[in-house]
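Novice: Handing you a structure now.
The values are calculated or read from the model by the stated rules, or taken from the named source; none is laboratory data. What you are looking at is a predicted structure, and each value in this text was computed from that prediction instead of being measured. Here the Cβ is made from the backbone with ideal geometry for all residues, glycine too, and neighbour counts use every protein chain on show. Accessible surface areas use protein heavy atoms only, side chains included; no ligands, DNA or RNA. Shrake-Rupley method; radii C 1.70, N 1.55, O 1.52, S 1.80 Å.
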Amino acid sequence: SQIEIESQPAVLMNRLNERLVKKMPGMTHVCCLLAHVDGNSGHVQVANAGSPFPLVFRAGQGEVAEVVSEAYPLSVRDNTSYAAVTDDLAPGDALVLCTDGVIEARNAAGDVYGDDRLRATIERACAEADGSADTVLRRILSDLQAFAGEGEQDDDQTVVVVIREET
């Protein structure tokens with residue numbers, strides 16, 4: 001079945017949850033994060049279903065902040081109501097979204113990559129990237145690979161970087 005296109009992340013997340021609960025009762029949970037970024041204003045809307053919190057590198061402060069957007073994964077509860085959390089990107093700010101497989105990546109010794117290491121990598125990458133989302137993404141993935149080495153990974157590792165251009 002189809003779901004009507006919707007630009008409001010919370011509305012779409014609620015529709016997805018409703019469909020999954022009805023069509024696949026008892027199905028394992030699904031983590032999902034939907035974000036709508038207005039490239040002109042920098043306004044961001046996030047609906048989260050069990051994914052790590054989005055991170056924003058604040059160029060003016062040179063530090064990373066969380067966009068706290070907590071909710072159950074999809075298909076866990078039929079009465080879950082997803083709401084959007086909003087934030088604003090200033091020129092030069094970077095929005096970084098990732099799956100839990102990034103944060104939970106392990107090296108051969110069993111150490112976890114973790115939130116603190118990811119934040120530090122984002123700060124370094126954004127400070128050196130001259131506004132290039134591709135450069136920030138490559139540096140995050142390179143650091144993750146250098147950390148994990150030959151450690152076996154058991155989850156997907158997805159990273160998305162959006163940088164609001166300087167005006």
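Novice: Need at least 2 residues that are more than 22 Å from ARG139 (Cβ to Cβ) and touching a strand residue (DSSP E or B) at 6+ places or on another chain (Cβ under 8 Å) per element, so show me which strands (runs of 3 or more DSSP E) inside the stretch 40-126 make the cut, counting only ones lying wholly within it.
Specialist: In the stretch 40-126, the matching strands (runs of 3 or more DSSP E) lie at 43-49, 85-88.
Novice: Select from the stretch 21-39 the residues that are part of a loop (DSSP other than H, G, I, E, B) and of a type in the set (A, V, I, L, M, F, W, C) and write down the one among them that is most open to solvent (accessible area, probe 1.4 Å).
Specialist: Restricting attention to the stretch 21-39, the residues satisfying the condition of being part of a loop (DSSP other than H, G, I, E, B) are 24-29, 31, 38-39.
Going one step further and asking which of them are of a type in the set (A, V, I, L, M, F, W, C), we end up with 24, 27, 31.
Values: MET24: 88, MET27: 56, CYS31: 63 Å².
Here the answer is MET24.
Table: residues versus (1) touching a Cys at 6+ places or on another chain (Cβ under 7 Å); (2) modelled with pLDDT under 95.
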{"residue": "VAL64", "(1), (2)": "no, no"}
{"residue": "LEU74", "(1), (2)": "yes, yes"}
{"residue": "SER81", "(1), (2)": "no, yes"}
{"residue": "ALA90", "(1), (2)": "no, no"}
{"residue": "ASP116", "(1), (2)": "no, no"}
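Novice: Kindly indicate whether VAL56 is under 27 Å from GLY42 (Cα atoms) and of a type in the set (A, V, I, L, M).
Specialist: yes
Novice: Please find, within the stretch 124-153, the residue that is farthest from PRO52 (Cα to Cα) out of those that are touching a helix residue (DSSP H, G or I) at 6+ places or on another chain (Cβ under 8 Å) and open to solvent by 70 Å² or more (accessible area, probe 1.4 Å). Spell out the reasoning first.
Specialist: Of the stretch 124-153, the ones touching a helix residue (DSSP H, G or I) at 6+ places or on another chain (Cβ under 8 Å) are 124-126, 128-129, 135-136, 139-140, 143-144, 147, 153.
Adding the requirement that they be open to solvent by 70 Å² or more (accessible area, probe 1.4 Å) leaves 124, 128, 139.
Details: ARG124: 20, GLU128: 24, ARG139: 19 Å.
Checked the stretch 124-153; the qualifying residue farthest from PRO52 (Cα to Cα) is GLU128.
Novice: Another one. Taking the conditions exactly as written (open to solvent by less than 60 Å² (accessible area, probe 1.4 Å), under 26 Å from GLY62 (Cβ atoms) and at pLDDT 95 or above), does ALA94 satisfy them or not? Lay out the reasoning, then the answer.
Specialist: On the way: open to solvent by less than 60 Å² (accessible area, probe 1.4 Å): yes; under 26 Å from GLY62 (Cβ atoms): yes; at pLDDT 95 or above: yes.
For ALA94, the condition - open to solvent by less than 60 Å² (accessible area, probe 1.4 Å), under 26 Å from GLY62 (Cβ atoms) and at pLDDT 95 or above - is met.
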